Amino acid sequence: MLRILICFVFLFPTKGFAAWIDSLRLSDALQSNMVIQQNKPFKVWGKAEPGQKIAIHADWLPASAEVYADTNGNFIGIIPVPKAAEGDFTPHRIRIVAGDEQIELDNLLIGDVWVCSGQSNMQFSVREMTGSEQVISGADQPPIRLLNVALNFSDTPLENMKGTWQVCSPTSVRDFSAVGYSFGKKLFDRLNIPIGLVFTGIGASSVQAYIPKGDLANDTMLNKAYLQPYLADPKSKEQIDGGFTFEKVMRPYLLYNAMVHPLINLSIRGFIWYQGEANHLERESYVRATQTLIKSWRRNFSQGQLPFYYVQIAPFFHDREDPALAFDAYFREAQVQVANLNNTYMVSTMDVGEAKDLHPKNKKPVGERLAAIALNREYDQLDVVYQGPLVDDVRFEGKKAYVYFTPGTLGTGLQTNDGRPPRFFYVAGNDRIFYPAEAFIDGDRIVVETNKVTHIASVRYAFFNYPVTNLENKEGFPAMPFRTDSWEEGSEGSRH
């Protein structure tokens with residue numbers, strides 16, 4: 001009997017203690033080692049006993065903030081965060097207290113947080129990139145912090161996610177996004193403030209997978225193109241688990257619910273995005289979907305018109321070496337239109353692609369070009385060149401055409417990255433039959449000429465599926481593909 005009584009006394013408090021320590025919980029996005037967004041209100045949110053008072057102590061504040069959990073046990077407190085100082089990597093602490101419970105977050109840094117998202121070319125890891133050994137060996141960068149959000153799907157918006165904030169090191173950086181890390185490293189080198197990088201994406205995913213269900217439903221085009229076909233499919237009624245399949249990552253809104261929505265209370269500086277291959281046969285619906293994604297993320301993160309910088313898809317031959325195939329060129333043209341939305345900008349990868357590899361390994365320039373946009377446009381470092389030559393005007397004179405570029409995109413002048421004449425200029429007459437043309441740099445313009453066409457009616461540059469280009473400005477930013485005609489896709493004649 002005594003033994004039974006002793007066991008009973010021992011087990012009862014243990015059960016009560018377990019319930020007690022579980023009553024205070026923070027969002028999974030809030031962890032030790034994270035970067036806290038500078039110069040913005042910072043939200044501390046989680047669960048506690050309904051009606052309980054929660055005190056939030058940050059070591060940079062003279063007094064604590066106090067909030068109360070609502071009837072469902074949810075709480076959210078907001079504390080001010082100072083502006084980051086260059087070269088200041090002081091570790092900070094936040095202590096959250098509810099009754100006799102407390103949670104402490106330590107080794108926190110104050111800097112800028114960027115969300116990196118998209119499909120496989122954004123997921124593509126540092127260990128797979130060109131020069132990976134050198135990048136990894138030089139990645140002992142404690143002021144940079146990394147968070148990989150684990151793959152998950154949900155039919156309803158989730159409040160929590162899985163993933164661990166890590167201090168950047170040769171070990172932690174290996175499996176992080178190569179584009180994301182290259183972007184963050186460039187910002188860190190230039191700004192000398194802590195940088196937090198959050199990767200939330202997965203290979204093969206579609207744009208519609210990252211858009212809230214309500215936003216798809218409220219747009220007639222998107223509802224018809226993406227949402228209704230899914231809801232009419234028996235798969236939409238299935239219980240869904242977190243495992244990867246190519247089909248699941250194409251389903252609308254599930255990735256948003258599971259991998260973006262849990263982050264919306266997080267204070268951030270902006271977004272970078274590399275996606276499109278999964279939707280490359282779409283045109284107008286993709287532009288609408290991407291702009292809807294941007295608007296919905298900005299609305300749900302509730303931090304104004306956050307910058308959104310994105311990457312144009314790389315050259316790829318789709319197992320057919322035929323310069324007449326231009327469906328990806330038309331898609332890249334559609335991607336340009338996304339930037340009609342305010343505070344967005346696109347970078348080109350035409351010069352660093354690999355025609356026969358959908359996942360080109362030279363990711364460092366991609367991340368650094370995204371960083372250049374941020375430095376110029378978000379951080380007001382106007383001396384940083386961030387764009388390549390963009391066609392402004394083309395003048396036709398019989399068998400010649402003269403291509404002029406927007407002055408602000410020329411940098412310090414035109415060049416080719418291999419010293420050879422510019423490649424991939426094609427011309428056509430009114431018969432719409434395209435021929436390769438010779439091109440050469442003449443000051444700040446390109447002269448295009450041919451003996452195949454008596455009167456040039458159209459010039460196209462790098463306007464097919466897989467051109468890896470050599471034309472750039474002297475700062476190394478590639479010229480953007482273009483066409484001077486407005487002929488409907490598929491109405492062209494043959495290409496020679």
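Consider Ile36 carefully, then state whether it is open to solvent by less than 20 Å² (accessible area, probe 1.4 Å), touching a Gly at 6+ places or on another chain (Cβ under 7 Å) and not in a loop (DSSP other than H, G, I, E, B). So Ile36 fails the test. If you filter segment 134-152 down to residues that are in contact with a Lys or Arg (Cβ under 8 Å, 6 or more places away or on another chain) and more than 26 Å from Gly353 (Cα to Cα), you find that the one that is surrounded by the fewest Cβ atoms within 10 Å (Cβ to Cβ) is Ala150.
Of the residues making up segment 153-169, those that are open to solvent by 50 Å² or more (accessible area, probe 1.4 Å) and more than 19 Å from Asn300 (Cα to Cα) are Lys162, Thr164, Gln166. Restricted to segment 143-255, the set of helices (runs of 4 or more DSSP H) holding at least 1 residues that are among the small types (Gly, Ala, Ser) comprises 178-191, 213-217. Output the residues belonging to segment 435-462 that are open to solvent by 10 Å² or more (accessible area, probe 1.4 Å), part of a loop (DSSP other than H, G, I, E, B) and within 17 Å of Pro389 (Cβ to Cβ). Listed by number, the residues that qualify are Gly443, Asp444. Scanning segment 111-138 for residues that are in a strand (DSSP E or B) and either among the polar types (S, T, N, Q) or in contact with a helix residue (DSSP H, G or I) (Cβ under 6 Å, 6 or more places away or on another chain) (or both) yields a count of 3.
For the subset of segment 301-330 comprising residues that are under 18 Å from the mean Cα position of the chain (by Cα) and of a type in the set (Phe, Trp, Tyr), which member is surrounded by the fewest Cβ atoms within 10 Å (Cβ to Cβ)? Across segment 301-330, the extreme among qualifying residues is Phe301. Asp485 meets each of the listed conditions (1) over 34 Å from the mean Cα position of the chain (by Cα); (2) of a type in the set (Asp, Glu); (3) open to solvent by less than 40 Å² (accessible area, probe 1.4 Å) apart from (1). One residue alone among Asp88, Asp106 is among the acidic types (Asp, Glu), in a strand (DSSP E or B), open to solvent by 10 Å² or more (accessible area, probe 1.4 Å) and on the phi < 0 side of the Ramachandran plot, and that residue is Asp106.
Here Pro389 meets each of (1) part of a strand (DSSP E or B); (2) touching a helix residue (DSSP H, G or I) at 6+ places or on another chain (Cβ under 7 Å) with one exception, condition (1).
Of the residues Asp431, Asp442, Asp418, only one is acidic (Asp, Glu) and under 30 Å from Gly367 (Cβ atoms); which? Step by step, each of Asp431, Asp442, Asp418 is checked, and only Asp418 is acidic (Asp, Glu) and under 30 Å from Gly367 (Cβ atoms).
For segment 398-434, the set of residues classified as outside any loop (DSSP other than H, G, I, E, B) and free of Cβ contacts under 8 Å to residues at least 40 places away in the same chain consists of Pro407, Gly408, Phe425, Val427, listed by residue number. Residue check: Leu410 meets all listed conditions (1) closer than 15 Å to Glu475 by Cα; (2) open to solvent by 40 Å² or more (accessible area, probe 1.4 Å); (3) touching a strand residue (DSSP E or B) at 6+ places or on another chain (Cβ under 6 Å) but one, namely (2).
Does Arg298 fit the bill of being within 25 Å of Val347 (Cβ to Cβ) and open to solvent by 40 Å² or more (accessible area, probe 1.4 Å)?
No: the conditions fail for Arg298.
Cβ-Cβ contacts under 8 Å between residues 6 or more apart (or on different chains), taken from a first residue in segment 87-109 that is over 27 Å from Gln141 (Cβ atoms) to a second residue that is aromatic (Phe, Trp, Tyr) and open to solvent by 30 Å² or more (accessible area, probe 1.4 Å), are listed as Asp100/Trp20; Glu101/Trp20.
For segment 268-302, what are the residues that are assigned to a loop (DSSP other than H, G, I, E, B) and closer than 29 Å to Pro365 by Cβ? The answer is Ile268, Arg269, Gln275, Gly276, His280, Leu281, Glu282, Arg283. Only one entry in Glu66, Glu101 is of a type in the set (Asp, Glu), surrounded by 15 or more Cβ atoms within 10 Å (Cβ to Cβ) and either closer than 23 Å to Met161 by Cα or more than 28 Å from the chain's Cα centre (by Cα) (or both), namely Glu101. Residue check: Lys356 meets all listed conditions (1) within 21 Å of Ser177 (Cα to Cα); (2) open to solvent by 30 Å² or more (accessible area, probe 1.4 Å) but one, namely (1). Restricting segment 417-434 to residues that are among the hydrophobic types (A, V, I, L, M, F, W, C) and under 34 Å from the mean Cα position of the chain (by Cα), the residue that is most open to solvent (accessible area, probe 1.4 Å) is Phe424.
The residues of segment 69-85 that are open to solvent by less than 30 Å² (accessible area, probe 1.4 Å), within 20 Å of Met34 (Cβ to Cβ) and part of a loop (DSSP other than H, G, I, E, B), listed by number, are Val81, Ala84. Summed over segment 151-176, residues that are within 24 Å of Tyr286 (Cα to Cα) and touching a Phe, Trp or Tyr at 6+ places or on another chain (Cβ under 7 Å) total 1.
The values are calculated or read from the model by the stated rules, or taken from the named source; none is laboratory data. None of these values were measured; they are calculated from a predicted model. Every residue, glycine among them, receives a Cβ derived from its backbone with ideal geometry; neighbour counts consider all protein chains shown. We work out accessible area using only protein heavy atoms, side chains counted, and drop any ligands, DNA or RNA first. Shrake-Rupley method; radii C 1.70, N 1.55, O 1.52, S 1.80 Å.
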